[in-house]
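Notes follow once the structure below has been shown.
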Amino acid sequence: MAFPSIALPGQLLAPATKYLPGPGTHIHNSSIYASIAGPVSSAPAQTAKTPSTSKSSTPNSLPLLSIQRAPPASSLDPGILGSGGGGGSSILPSVDSVILGRITRLGARFASLEILTVGDVVCREAFAGQIRREDVRATEKDKVKIEESFRVGDVVRGVVISLGDVGGYYVTTARNELGVVMAWASGGPGVGRQMVPVSWKEFREVGTGWVEGRKVAKPF
């Protein structure tokens, strides 16, 4: 599997049989996960001393997978900085920006989220956003139920469609590749465990088989 270009804490990156865990990552159940948010990179195998002698060396067979913390805004291209200027500026979402966000609250007609990344850049501070019921999917919009599409804590891939009012940015998931990319069981015997997508509308907790509804993002 190819590792993602950018990761959030707890995100699965790659099997430990293909890479070694580096800074910003950790191993769990023979897989490498992100410990921090940031861009993911791999480095060639390093040369390590063998136990038998300090003079001989052998290369590790696996490349090193690591995550770097996002650079300060002052080191980014000025073209992607907010209009406020200065080192304290932060990248701002704009219309058509692809974002990753975490669901923070559910309502009858919308889901609130905090925007964590814009494109491949991790935001220095989260931005408020909303996914309205009519923006969850492209078909049968009148049948959408927010509580069957998202849960608090879900990580969602979406696209900014407009600047909202007090609710922040309006985000859509109404494309196949948009929707929930990471989810944890909110009920059942495996509550709190990470789940995997099994269809366009369901996630499953592997250990117990517990199934929950989501608007699932189709993998690239």
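The values are calculated or read from the model by the stated rules, or taken from the named source; none is laboratory data. Nothing here was measured: the structure is a model prediction, and the numbers come from that model. Please note: Cβ atoms are built from the backbone with ideal geometry, for glycine as well, and neighbour counts cover all protein chains shown.
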Item to check | For residue 114: the one exception among (1) touching a residue at least 24 places away in the same chain (Cβ under 8 Å); (2) in a strand (DSSP E or B); (3) not β-branched (Val, Ile, Thr) | outcome: (1)
Next on the checklist: Looking at (1) farther than 30 Å from residue 68 by Cα; (2) modelled with pLDDT of 90 or more, which one does residue 161 not meet, given that it meets all the others?
Outcome noted: (1)
Next on the checklist: Taking the conditions exactly as written (part of a loop (DSSP other than H, G, I, E, B), in contact (Cβ under 8 Å) with a residue 12 or more places away in the chain and under 18 Å from the mean Cα position of the chain (by Cα)), does residue 152 satisfy them or not?
Outcome noted: yes
Checklist outcome for this item: Considering residues that are surrounded by 19 or more Cβ atoms within 10 Å (Cβ to Cβ), free of Cβ contacts under 8 Å to residues at least 40 places away in the same chain and either over 15 Å from residue 194 (Cα atoms) or not β-branched (Val, Ile, Thr) (or both), the number found within segment 3-32 is 0
Checklist entry - Residues in segment 57-111 that are in a loop (DSSP other than H, G, I, E, B), at pLDDT 50 or above and either of a type outside the set (Gly, Ala, Ser) or in contact with a Leu (Cβ under 6 Å, 6 or more places away or on another chain) (or both): how many? => result 11
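One line per residue, one yes/no per condition, for (1) farther than 17 Å from residue 117 by Cβ; (2) surrounded by fewer than 15 Cβ atoms within 10 Å (Cβ to Cβ):
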position	(1), (2)
182	no, no
185	yes, no
198	yes, yes
212	yes, no
Item to check | Residue under evaluation residue 108, criteria (1) in contact with a strand residue (DSSP E or B) (Cβ under 7 Å, 6 or more places away or on another chain); (2) of a type in the set (A, V, I, L, M); (3) over 25 Å from residue 9 (Cβ atoms), criterion not met | outcome: (1)
